[in-house]
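Worksheet: one structure, shown below.
The values are calculated or read from the model by the stated rules, or taken from the named source; none is laboratory data. Please read all numbers here as calculations on a predicted model, not as lab measurements. Note: ideal-geometry Cβ built from the backbone for every residue, glycine included; neighbour counts use all protein chains shown. When the accessible area is computed, the model is the full protein with side chains, heavy atoms only, and any ligands, DNA or RNA have been set aside. Shrake-Rupley method; radii C 1.70, N 1.55, O 1.52, S 1.80 Å.
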Amino acid sequence: MSKTDQDAAITVRQKTSDRVLVAAGFPVLGAGAGFLLKLLAHWASTWPWIPWKGPVDLIAKAPEPAATIGSLVLGALAGVAVVVLAERGYVTVTIEKDRITTDRGDSTQSAPRVAVSGVFADRKRLVVLGAQGEELLAEYKNEGADLPSLTQLAEAFRAQGYPWLPDGDPYQNAYRRWVDGMPGLPPGGNVLFKARAEALQKSEEKEIGELRRELARLGLVVHDTGDRQWWREIGAPASP
């Protein structure tokens, strides 16, 4: 977290040490996994029957040192791919006196201070609420978001005078679990929930987020526990 003076923006992001550890560690782990896969293929090729015998024999019979070098390189490249995905998921939160901005990958969200009624976060989501309980900003783990330290977020929002909600979502008792065909949803809502249920099962992060925003346009707020979807109407009273 950085702050240059009392009125400056406060930026909260993942610790540099954690990002360096991920950036350095995953290529090394990938290289190790690639080497172990080569050894396993050599061992498995001696079995009388195995599935995918052709590819296993191809790996086992590859000439050395090309086989070892290739397994290390391919494993390291797989680790680099994981690092790239991790970098795209890191959320940076910039908190100014009059505005909140979140940046993740090539996505930026922003909300003015005057519209904010509360902010809360847990391990799975960071949410900025509006006056009617709508989500002005939201970063969800199941949509690929990797949040910075919750302690630092709380300190930063409080330092800038925002209404931080230490007990979490004030609407937590207003949610209803979605089941197919349930009454009370606006036209088109059930179809969107069904599509989103499929996206949750397939862990399609982009689709999950897009469908959540489509539901928000219908006046619904949705969050998940595993593959179960829970919803409430914007404007519903907060929990007592």
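Nearest 10 degrees is fine. How inclined is helix 66-89 to the longest principal axis of the chain, computing both from alpha carbons?
The angle comes out at about 0 degrees.
What's the center-to-center distance, using Cα atoms, between the range 218-240 and the range 89-154 in Å?
If we compute the Cα centre of each part, the gap is 17 Å.
Cβ neighbours within 10 Å, averaged per peptide: list 11-18, 176-183 in order, most packed at the top.
Values: 11-18: 15.4, 176-183: 11.4.
Per-residue Cβ counts within 10 Å, averaged per peptide and sorted highest first, yield 11-18, 176-183.
Compute the relative contact order of the chain as a whole-number percentage, counting only Cα pairs closer than 8 Å that sit 6 or more residues apart in sequence.
16
Mind checking Rg over Rh on the range 125-240, alpha carbons, Kirkwood formula for Rh?
On the way: Rg = 14.6 Å, Rh = 15.1 Å.
Rounded to two decimals, Rg over Rh is 0.97.
Can you give the Kirkwood hydrodynamic radius of the range 89-154 from its Cα pairs, in Å with one decimal? Don't jump to the answer; show the numbers that get you there.
Values: mean 1/r = 0.0841 Å⁻¹.
Hydrodynamic radius (Kirkwood, Cα only) of the range 89-154 equals 11.9 Å.
Taking a probe of 1.4 Å, how large is the accessible area per residue of the chain, in Å²? Write out the running numbers ahead of the final one.
On the way: 13680 Å² over 240 residues.
Result: 57 Å² per residue.
If you add up the charges near Arg177, with Lys and Arg at +1 and Asp and Glu at -1, over every other residue whose beta carbon is less than 12 angstrom from its beta carbon, what do you get?
Details: positive: Arg176, Arg228, Arg232; negative: Asp180, Asp224, Asp227.
Overall, the nearby charge balance is 0.
Around Leu153, under 12 Å between beta carbons, what's the net of Lys plus Arg minus Asp minus Glu among the other residues? Write down the numbers at each step before the final one.
On the way: positive: Arg13, Arg123, Arg125, Arg158; negative: Asp122, Glu139, Glu155.
Net local charge, Leu153 excluded: +1.
Here are some values of Kirkwood radius over Cα pairs in Å: (i) 17.5; (ii) 20.9; (iii) 18.4. Which one was computed from this structure?
(ii)
For the chain, which whole-number percentage of the solvent-accessible area (1.4 Å probe, protein heavy atoms only) is attributable to carbon and sulfur atoms?
Values: 8130 of 13680 Å².
C and S atoms contribute 59 percent here.
How much net charge surrounds Val83 when only the other residues with a Cβ under 14 Å from the Cβ of Val83 are counted, with Lys and Arg +1 and Asp and Glu -1?
On the way: positive: Arg19, Arg88; negative: Asp18, Glu87, Asp146.
Residues close to Val83 contribute a combined charge of -1.
Between the helical axis of 205-217 and the dominant principal axis of the chain, each derived from Cα atoms, what acute angle in degrees is found, rounded to the nearest 10?
20
Between Ala8 and Leu39, what is 0.36 nm times their sequence separation minus the Cα-Cα distance? Round to one decimal in nm. All intermediate terms of the calculation are to be shown ahead of the outcome.
Details: separation 31, 0.36 × 31 = 11.16 nm, distance 5.54 nm.
Extra length from Ala8 to Leu39 when fully extended: 5.6 nm.
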